2 protein chains.
Amino acid sequence: MLEWLKEPEINFPDQLQHAGFEHGVCVGQIQAKAGLTQSTVSEYLSILQRAGFIEAKRVGQWTYYKRNEGAFEALSNLIQSNL
Amino acid sequence: MLEWLKEPEINFPDQLQHAGFEHGVCVGQIQAKAGLTQSTVSEYLSILQRAGFIEAKRVGQWTYYKRNEGAFEALSNLIQSNL
DNA sequence: CAAATATATCGACTTTTCCCGATATACCAA
DNA sequence: TTGGTATATCGGGAAAAGTCGATATATTTG
């Protein structure tokens with residue numbers, strides 16, 4: 001999922017017609033591509049959010065998630081310096 | 001354990017008298033510090049070895065493990081470029 | 001070779017994680 | 001306000017990971 005969110009236009013072309021990608025990709029799109037149930041995907045995304053890897057933005061009935069690039073860089077740096 | 005192995009002299013002072021740290025730290029030393037059973041620690045170390053994070057060197061009845069720094073750098077780079 | 005020591009492997013049990021269906025909540029439209 | 005759609009949360013069963021004791025293997029020493 002994290003890799004998918006690097007290139008929303010390529011991985012979630014269906015969303016383009018409805019919303020853009022300014023706020024990220026909505027849960028339903030990710031769920032369809034993941035082939036897991038709605039509840040599972042929703043839980044995954046909230047875990048990733050709590051961990052700081054993605055950010056959520058609620059717009060109407062949709063929740064859009066997008067990557068927080070800083071978190072990945074921080075993780076990379078942490079592995080390099082602390083591990 | 002991986003952090004401990006960054007500074008064997010500091011974290012495993014007992015071993016200094018017997019062997020050096022050329023080949024790393026032996027299982028018994030790590031086990032004592034970890035506070036887990038011998039079998040658990042042995043299994044951990046073999047998992048870390050198969051994953052490439054540490055290297056094993058058998059010397060007599062002892063097995064010494066030391067970090068493979070390249071693996072950590074590779075992981076850091078992988079996160080930075082692929083994730 | 002026998003006993004002692006260090007490590008590895010095996011089988012079982014416990015804890016955690018994964019994933020689901022059911023249900024709750026939030027929002028929108030008529 | 002009623003019904004439809006999107007997402008979140010909850011409870012539970014299945015799968016995986018963690019951990020142990022017992023035992024096997026390898027090595028050294030006498």
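Taken together, the values in this text are just the output of simple stated rules run on the coordinates, not laboratory data. Note that the coordinates shown come from a computational prediction; the quantities given were computed from them, not determined experimentally. Counting neighbours? That spans all protein chains shown, and the Cβs are built from the backbone with ideal geometry, glycine included.
Would you mind working out the magnitude of the charge dipole of the protein assembly as shown relative to its Cα centre, with +1 at each Lys and Arg C-beta and -1 at each Asp and Glu C-beta, to the nearest 20 Debye? Show your work: numbers first, answer last.
Numbers: 14 positive and 18 negative charges, 63 e Å.
The dipole of the protein assembly as shown has a size of about 300 debye.
Taking θ = phi - 60°, what integer Hz values does the Karplus form 6.51 cos²θ - 1.76 cosθ + 1.60 yield along the stretch A:3-8, in sequence order, with x for Gly and Pro?
Each residue of the stretch A:3-8 in turn: 5, 4, 6, 5, 9, x Hz.
Measure nothing fancy, just the Cα-based angle from helix B:38-50's long axis to the longest principal axis of chain B, in degrees from 0 to 90, nearest 10.
The angle comes out near 40 degrees.
Using the Karplus curve 6.51 cos²θ - 1.76 cosθ + 1.60 with θ = phi - 60°, what ³J(HN,Hα) values do you get for each residue of the stretch A:58-74, in whole Hz, with x for Gly and Pro?
Taking θ as phi minus 60°, the curve returns 7, 10, x, 8, 9, 10, 9, 10, 9, 5, 10, 4, x, 5, 6, 5, 4 Hz for the stretch A:58-74.
Which three semi-axes in whole Å describe the equivalent ellipsoid of chain A, each the square root of 5 times a Cα gyration tensor eigenvalue, listed largest first?
24, 14, 12
I'd like the distance separating the alpha-carbon centroids of the stretch B:27-74 and the stretch A:1-33, in whole Å.
Using only Cα atoms to place each centre, the spacing works out to 42 Å.
If I take every Cα pair under 8 Å that is 6 or more residues apart in chain A, average their sequence separation and divide by the length, what percent do I get for the relative contact order?
The value is 26 percent.
Rounded, prolate or oblate, given the Cα gyration tensor of the stretch A:8-54, with a/c below 1.5 counting as rounded?
oblate
Identify the residue of chain A whose Cβ lies closest to the rotation axis that maps chain A onto chain B, and give that distance in whole Å.
Taking Cβ atoms only, the nearest residue and its distance are A:S76, 2.
Shortest first and in nm with one decimal, please list how far the B:G28 label point sits from its counterparts in the other copies (point 7 Å along Cα→Cβ).
6.5
Given +1 on the Cβ of Lys and Arg, -1 on the Cβ of Asp and Glu, and no further charges, what dipole in debye does chain A carry about its Cα centre, rounded to the nearest 20?
Details: 7 positive and 9 negative charges, 45 e Å.
Using Cβ point charges on Lys, Arg, Asp and Glu, chain A gives about 220 debye.
Can you give the FRET efficiency for B:E9 and A:Q49, using 1/(1 + (r/R0)^6), R0 = 35 Å, r = Cβ-Cβ distance, to the nearest 0.05?
FRET efficiency, B:E9 to A:Q49: 0.25.
Going Cα to Cα from A:K6, which lysines come in below 23 Å? Please leave out same-chain ones fewer than 8 positions away.
Result set, ordered by chain and number: A:K33, A:K57, A:K66.
For a label point 7 Å from the Cα of B:V59 along Cα→C-beta, name the residues of the stretch B:1-27 whose backbone N is under 16 Å from it.
B:8-10, B:12-27
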